[in-house]
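S.K.: Questions regarding the structure given below will be posed in turn.
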Amino acid sequence: MAQKTCLYRLIGVNMGEGVLMGKIIIDGIHPEDIFIGSGTTITQGTVLLTHFYDTSNLKEHAYYRGKIHIGKNCYIGMNTIFTKSVTIGDGVVIGAGSVVNKDIPPYQVWAGVPVRFICNRYKDESEIPTNANEFKAI
């Protein structure tokens, strides 16, 4: 997996240390608009798109671009698709097969098509670990 992260860095993806990735699809037009925080896991089949077709301007086949920011220590489930410019907070878990089209606050679990709130990962902010190795499993 380290070879994949090195390759993605070479094409312009910005990522922290300890990022784990399965076989994913990275936008080849604007990979420099993707930011992945340290300790994040992105599983097989995930699609990260940073350009989006402009359906209001069909004559010119125009598109607009946006940035995808994924925080530290996140877990992105298998076959998740990012379809808009979004910011994903630290410690977020996104369920498999989700379509992410909105920002997600830190330390929450979201899933679905389109993605929606499931629950908070912690009952109280004091439970949020400061050491990445202490994160509780879902």
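The values are calculated or read from the model by the stated rules, or taken from the named source; none is laboratory data. Keep in mind that what you see is a predicted model, and the values were worked out from it rather than measured. All Cβ positions, even for glycine, are placed from backbone atoms using ideal geometry, and neighbour counts span all protein chains on display. In case anyone asks, the SASA skips ligands and DNA or RNA and just uses the protein heavy atoms, side chains included. Shrake-Rupley method; radii C 1.70, N 1.55, O 1.52, S 1.80 Å.
S.K.: Among (1) touching a residue at least 12 places away in the same chain (Cβ under 8 Å); (2) over 18 Å from Leu20 (Cβ atoms); (3) open to solvent by 40 Å² or more (accessible area, probe 1.4 Å); (4) in contact with a Phe, Trp or Tyr (Cβ under 8 Å, 6 or more places away or on another chain), which single condition is Asp90 missing?
M.R.: For Asp90, the exception is condition (2).
S.K.: Still on this structure, please answer the following. Specify the residue that is modelled with the highest pLDDT; the eligible residues are those in the stretch 16-42 that are surrounded by fewer than 19 Cβ atoms within 10 Å (Cβ to Cβ) and among the hydrophobic types (A, V, I, L, M, F, W, C).
M.R.: It comes out as Phe35.
S.K.: Only one of Leu58, Leu7 is part of a helix (DSSP H, G or I) and not charged (D, E, K, R); which?
M.R.: When all the criteria are applied, what remains is Leu7.
S.K.: Could I ask something else about it? Could you go through the stretch 43-50 and let me know if any residue there is touching a helix residue (DSSP H, G or I) at 6+ places or on another chain (Cβ under 8 Å), under 23 Å from Asn120 (Cα atoms), at pLDDT 95 or above and surrounded by 22 or more Cβ atoms within 10 Å (Cβ to Cβ).
M.R.: no
S.K.: Looking at (1) more than 24 Å from Leu7 (Cα to Cα); (2) assigned to a helix (DSSP H, G or I), which is the only condition Glu32 fails?
M.R.: Among (1) more than 24 Å from Leu7 (Cα to Cα); (2) assigned to a helix (DSSP H, G or I), Glu32 violates only (1).
S.K.: For the condition surrounded by 15 or more Cβ atoms within 10 Å (Cβ to Cβ), in a loop (DSSP other than H, G, I, E, B) and in contact with an Asp or Glu (Cβ under 6 Å, 6 or more places away or on another chain), what is the one hit in Lys72, Lys84? Break it down into steps so the answer makes sense when it comes.
M.R.: On the way: Lys84 fails: in contact with an Asp or Glu (Cβ under 6 Å, 6 or more places away or on another chain).
The match here is Lys72.
S.K.: Still on this model: Which numbered condition in (1) hydroxyl-bearing (Ser, Thr, Tyr); (2) under 12 Å from the mean Cα position of the chain (by Cα); (3) surrounded by fewer than 15 Cβ atoms within 10 Å (Cβ to Cβ) is the only one that Ser98 fails?
M.R.: (3)
S.K.: How about the stretch 101-130: which of its residues are open to solvent by 30 Å² or more (accessible area, probe 1.4 Å) and among the basic types (Lys, Arg)?
M.R.: Passing the criteria: Lys102, Arg116, Lys123.
S.K.: How many residues are among the basic types (Lys, Arg) and either free of Cβ contacts under 8 Å to residues at least 24 places away in the same chain or open to solvent by less than 90 Å² (accessible area, probe 1.4 Å) (or both) when one looks only at the stretch 52-69?
M.R.: Total satisfying the criteria: 1.
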